[in-house]
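Structure, as structure tokens:
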Amino acid sequence: MSANNYRNLTDEDLVHRIASKQDQEAFGTLYQRYVHLALGVCIKYLKSAEPSKDAVQVIFTKIWTDVHQYQVRKFKPWFYQVIRNHCLMELRKNDPNRKTVAEWDMDIVEFEDNLHHKVNEEQLLLYLNMCLKGLNEEQRNCITRFYLDQKSYNETATLTGYSDKQVKSHIQNGRRNLKNCLQQKIS
């Protein structure tokens, strides 16, 4: 198969060739298509070029060695999840007790891959701020302390006067309400 033919294959076809035949040309084509996306997403999370470059190499190595274990129906969303998960693991390695803003972003915006095409980041932050203001006081207070101020459940409980159970409940309900609000604003 010529290089031009590989360029005409879908992402899913390339992944199938990598998984079933360890096809290096298919892997190279996929790498060329997505190395810049992977680097951009890694920089978004890791905030530094060198660790991001290392992360991209690890991610593509994992794809080469492990993709046969998965049934990849839609490559791009799956790949984005692989990148995201790897970056979050790297962040946790550096500070296992800290919940990152990136995790909060992803908890709320699980549908980010589709969302990314609809609104830009600045617009998303405006919507998020509007939705945050729309939460009841308990939810807004707990979410602000836990995610934005990066306090633990215990610290949030102490600062707000709520029990640990109440804090967890307010955060869970607040996240759900934020997600619903964002979906309404973007639709």
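The values are calculated or read from the model by the stated rules, or taken from the named source; none is laboratory data. Fair warning: this is a prediction, and the values are worked out from it, not measured in the lab. With ideal geometry, Cβ positions are generated from the backbone for all residues, glycine too; neighbour counts draw on all protein chains shown. For the accessible areas, the whole protein counts, side chains as well, though only heavy atoms, and no ligand, DNA or RNA atoms are used. Shrake-Rupley method; radii C 1.70, N 1.55, O 1.52, S 1.80 Å.
For region 42-74, the set of residues classified as open to solvent by less than 60 Å² (accessible area, probe 1.4 Å), free of Cβ contacts under 8 Å to residues at least 12 places away in the same chain and in a helix (DSSP H, G or I) consists of A49, D66, listed by residue number.
Residues that are of a type in the set (G, A, S) and in a helix (DSSP H, G or I) were ranked within region 1-41; the one that is most open to solvent (accessible area, probe 1.4 Å) is S20.
Filter the helices (runs of 4 or more DSSP H) completely within region 86-181 down to those with at least 1 residues that are at pLDDT 85 or above and among the aliphatic types (A, V, I, L, M). Spell out the reasoning first.
On the way: elements: 101-108, 112-118, 121-134, 137-143, 153-160.
Correct list: 121-134, 137-143, 153-160.
Among (1) over 30 Å from D149 (Cβ atoms); (2) among the polar types (S, T, N, Q); (3) modelled with pLDDT of 90 or more, which single condition is Q69 missing? Going through the list (1) over 30 Å from D149 (Cβ atoms); (2) among the polar types (S, T, N, Q); (3) modelled with pLDDT of 90 or more, Q69 breaks only (3).
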